[in-house]
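Input: a single structure, listed below in structure tokens.
What follows draws every value from the coordinates through simple rules; no lab data is involved. This is a predicted model, so every value here is computed, not measured.
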Amino acid sequence: MKAIPVICPTALVLLFLGVVGCFAQSPAPPVTLADTEQRILTSAKIGQRYDLLVSLPSGYATSGQSYPVLYILDGWHFPLMTFLQNNNVYSKRMRPVIMVNVSHGSTPDVMALRARDFTPTKTSREAASGGAAAFLDFLEHEVIPFVDRTYRTIPSDRGLLGHSYGGLFAIYALEQRPALFQRIVAASPALSWDNRLLFSAARQKLRELPSPVRLDISVGGKDDFGFDQDTIAFAKLLDELKPAGLDYRFTLYPGESHDSVRLVSFPAGLYWVYRVPQPKNQIPE
């Protein structure tokens with residue numbers, strides 16, 4: 001008669017725990033986004049490391065084509081912008097572009113760093129504010145040349161998208177370097193900064209642009225910081241100035257807050273600044 005081995009309960013429990021432990025030691029693979037890359041640049045002038053999160057158009061590797069570049073402020077927008085990139089293959093609401101998110105990384109100091117880089121003057125509102133001029137130089141002389149060297153770009157077609165302090169910076173960039181970006185989306189811009197400093201700059205610098213720029217500016221009707229009133233006032237200033245060469249649109253999104261407005265203003269703003277003019281006598285879809 002063949003003997004049947006007897007396994008004591010303690011040994012059985014240890015065997016079970018060992019099997020479970022093996023599974024526990026095998027982590028699940030991370031989720032990755034197709035057609036994306038990460039590059040790292042350290043600014044010589046600012047002394048800060050930045051992550052460049054890049055989303056490439058579908059088929060970039062084999063198309064041989066060159067593409068416009070959209071620069072996006074704040075790394076946390078990358079998943080949303082990558083979705084818009086992929087969705088555009090089917091919606092065809094804007095032409096394919098290379099998207100470059102300029103990110104401060106995951107440091108705990110990210111809010112202080114973005115306040116430093118996106119604000120034009122130093123005020124008591126933010127301890128480390130006033131670095132927008134240096135950050136704009138970093139974009140113009142370090143980031144953009146690197147991207148143009150690394151990817152197949154169309155240097156004459158650059159876009160910039162920013163929200164909150166990033167939106168403030170987008171308007172600042174328009175005023176200080178009106179020929180650097182041809183398409184700008186500014187959502188919930190913090191235009192109250194330093195007693196509406198950019199209002200005065202607009203009167204001096206935006207009366208006539210050296211080359212055409214499309215600007216989409218928007219805000220939620222329930223902005224948590226009261227930026228709706230400042231943004232409405234800035235849009236009225238543009239109506240007053242009627243800057244030559246500036247094709248702009250202002251949108252107030254009723255019911256949207258400072259943060260929720262991004263989900264509607266980003267795609268709508270991009271579709272508008274990248275729109276293709278309709279031929280005469282053709283009814284838009």
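Its Cα gyration tensor gives segment 32-273 an equivalent ellipsoid, and the semi-axes of that ellipsoid, as √(5λ) in whole Å with the largest first, are 26, 21, 18. Among S124, S58, S218, whose mean-square fluctuation peaks in a Gaussian network model of the chain (Cα, cutoff 10 Å)? Sorting by GNM fluctuation, first place goes to S124. Spatially close Lys pairs in the chain, defined by Cα atoms under 22 Å apart and a spacing of eight or more places or different chains, total 6. Mean-square fluctuations from a GNM of the chain, with a 10 angstrom spring cutoff on Cα atoms, peak among P212, P27, P108 at P27. Helical content of the chain, expressed as a calculated mean residue ellipticity at 222 nm, amounts to -11500 deg cm²/dmol (DSSP H runs of 4 or more residues, -39,500 (n - 2.57) each, divided by residue number, nearest 500).
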